[in-house]
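Visitor: Okay, handing you the structure first.
The values are calculated or read from the model by the stated rules, or taken from the named source; none is laboratory data. Owing to the predicted nature of the structure, the values given are computational and were not obtained by experimental measurement. Glycine gets a Cβ as well: all are built from the backbone with ideal geometry, and neighbour counts include every protein chain shown.
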Amino acid sequence: LGCGNGLLVHILNSEGHQGIGYDLRARKIWSLYPPTTRLEVRTIIPSSDTVFPDTDWLVGNHSDELTVWIPVMAARSSYTCGFFLLPCCPFEFDGKKYCRTNTSVSQYHDFLGYVRTVSNECGFLTDQDKLRIPSTKRVCFVGEKRTYTEIEYKDNLDKLQQYIESKCLCREGKVDGKERWCPQFKPRGEERVRNCTQISSDVREKIVNLVAEQLLAKRRMLTESQDFGGV
């Protein structure tokens, strides 16, 4: 969920795992992957449409606004569905930025504690680890087993519903005809590409020529005391 450039999806699919990657916009690199790499453009809004009963794992790799929702989605999908999370940017259930509550630690570590609490509230036995990756944000969470039996699954979902309502400050409601778990949640809009790849080649050429002309036009003022080496 929130697969970005799709590399992780490509690796998992290549290793024989039957999965699919979703993101709110396609990346150019997607077209370079083989047909066996399954990627789709889809806006994920926590609702009755975002449960995956036939799925073994939900994976969130820097999934931003969906980070705290992924344990909830996994818990509501089925008793056997687990999750993997690599948190990065901190967000709340309503999609707004997470505000640090413990000033004695960094916002990142405070958010990690929050994510772990959410996982525990969902009824997971939460495991924590550090990935061997070149990043300062490499703490991950894995929720595979539950703290309750399968017979208690329905009761746990009722408790989870109460927890979500307390975090969203309202009950579930219908938006656009769908049962949203948090009506205030607003997914991020499709991001515009803002780098120079979207600038006309004529404009880029003019800029390069103008900069080059200005650099070449500058006179180099030398003084008698300057020694630039040489033989």
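Visitor: Going through ILE45, ILE70, ILE29 one at a time, which residue ends up being surrounded by 16 or more Cβ atoms within 10 Å (Cβ to Cβ) and farther than 20 Å from PHE141 by Cβ? Please lay out each step first, then the result.
Guide: Working: ILE70 fails: farther than 20 Å from PHE141 by Cβ; ILE29 fails: surrounded by 16 or more Cβ atoms within 10 Å (Cβ to Cβ).
Going through ILE45, ILE70, ILE29 in turn, the sole match is ILE45.
Visitor: Next question, about the same structure. I need the strands (runs of 3 or more DSSP E) fully contained in segment 110-182, keeping only those with at least 1 residues that are at pLDDT 90 or above and within 23 Å of THR80 (Cβ to Cβ). Let's see the steps before the verdict.
Guide: On the way: elements: 124-130, 139-146, 173-175, 178-180.
The qualifying strands (runs of 3 or more DSSP E) are 124-130, 139-146.
Visitor: Name the residues in segment 62-71 that are modelled with pLDDT of 90 or more and assigned to a helix (DSSP H, G or I), would you?
Guide: Once the filter is applied, which keeps residues that are modelled with pLDDT of 90 or more and assigned to a helix (DSSP H, G or I), segment 62-71 yields TRP69, ILE70, PRO71.
Visitor: Determine which single condition PHE83 fails, assuming it passes every other condition in (1) more than 14 Å from the chain's Cα centre (by Cα); (2) outside any loop (DSSP other than H, G, I, E, B).
Guide: (1)
Visitor: Are there any pairs with C-beta distances below 6 angstrom linking a residue in segment 1-21 that is over 17 Å from CYS81 (Cβ atoms) to a residue that is among the charged types (D, E, K, R) and assigned to a loop (DSSP other than H, G, I, E, B), with the two at least 6 apart or on different chains, and if so which?
Guide: Hits for this filter: ASN5/ARG27.
Visitor: Where the second residue is of a type in the set (Ser, Thr, Tyr) and the first is more than 18 Å from THR117 (Cβ to Cβ) and lies in segment 127-144, which pairs have Cβ atoms under 8 Å and are six or more apart or on separate chains?
Guide: LYS137/TYR108
Visitor: Quick test of your reading of the structure: GLU40 fulfils all but one of (1) modelled with pLDDT of 90 or more; (2) surrounded by 16 or more Cβ atoms within 10 Å (Cβ to Cβ); (3) in contact with a strand residue (DSSP E or B) (Cβ under 6 Å, 6 or more places away or on another chain). Name the failing condition by number.
Guide: Unmet condition: (2).
Visitor: Now for a separate question. Touching a strand residue (DSSP E or B) at 6+ places or on another chain (Cβ under 6 Å), in a loop (DSSP other than H, G, I, E, B) and in contact (Cβ under 8 Å) with a residue 12 or more places away in the chain: does that describe ALA74? Step through it out loud before you land on a result.
Guide: Values: touching a strand residue (DSSP E or B) at 6+ places or on another chain (Cβ under 6 Å): yes; in a loop (DSSP other than H, G, I, E, B): no; in contact (Cβ under 8 Å) with a residue 12 or more places away in the chain: yes.
Answer is no for this residue.
Visitor: Name the pairs whose Cβ atoms lie under 7 Å apart, with the first residue in segment 88-101 and touching a residue at least 60 places away in the same chain (Cβ under 8 Å), the second polar (S, T, N, Q) and surrounded by 15 or more Cβ atoms within 10 Å (Cβ to Cβ), and 6 or more positions between them or separate chains?
Guide: If the second residue must be polar (S, T, N, Q) and surrounded by 15 or more Cβ atoms within 10 Å (Cβ to Cβ), the pairs left are ASP94/GLN184.
Visitor: Is it the case, given these coordinates, that GLU150 is more than 24 Å from LEU24 (Cβ to Cβ), surrounded by 13 or more Cβ atoms within 10 Å (Cβ to Cβ) and not polar (S, T, N, Q)?
Guide: no
Visitor: Among the numbered criteria (1) in a loop (DSSP other than H, G, I, E, B); (2) out of contact with any strand residue (DSSP E or B) (no Cβ under 6 Å at 6 or more places or on another chain), which one does LEU1 miss?
Guide: Failing condition for LEU1: (2).
Visitor: Let me ask something else about it. Just for segment 95-147: of the residues that are crowded, with 17+ Cβ neighbours inside 10 Å and of a type in the set (D, E, K, R), which one is nearest to GLN161 (Cα to Cα)? First the steps, then the outcome.
Guide: Quick first cut of segment 95-147, residues crowded, with 17+ Cβ neighbours inside 10 Å only: 95, 98, 110-112, 114-116, 118-119, 121-124, 126, 139-143, 146.
Pick out the ones that are also of a type in the set (D, E, K, R) and you get 110, 116, 121, 146.
Numbers: ASP110: 24, ARG116: 17, GLU121: 10, ARG146: 17 Å.
Out of the qualifying residues, it is GLU121.
Visitor: Okay, next question. Go through segment 3-19 residue by residue and tally those that are surrounded by 14 or more Cβ atoms within 10 Å (Cβ to Cβ) and either on the phi > 0 side of the Ramachandran plot or out of contact with any helix residue (DSSP H, G or I) (no Cβ under 7 Å at 6 or more places or on another chain) (or both).
Guide: Taking segment 3-19 as the starting set, the residues that turn out to be surrounded by 14 or more Cβ atoms within 10 Å (Cβ to Cβ) are 3-10, 12-13, 19.
So of that shortlist, the ones also either on the phi > 0 side of the Ramachandran plot or out of contact with any helix residue (DSSP H, G or I) (no Cβ under 7 Å at 6 or more places or on another chain) (or both) come out as 4, 6-10, 12-13.
Residues meeting the conditions: 8.
Visitor: Within segment 90-102, does at least one residue satisfy the condition of being outside any helix (DSSP H, G or I) and within 19 Å of PRO53 (Cα to Cα)?
Guide: We begin by selecting, within segment 90-102, every residue outside any helix (DSSP H, G or I); these are 90-102.
Filter once more, keeping what is within 19 Å of PRO53 (Cα to Cα): none.
No - not one qualifying residue is present in segment 90-102.
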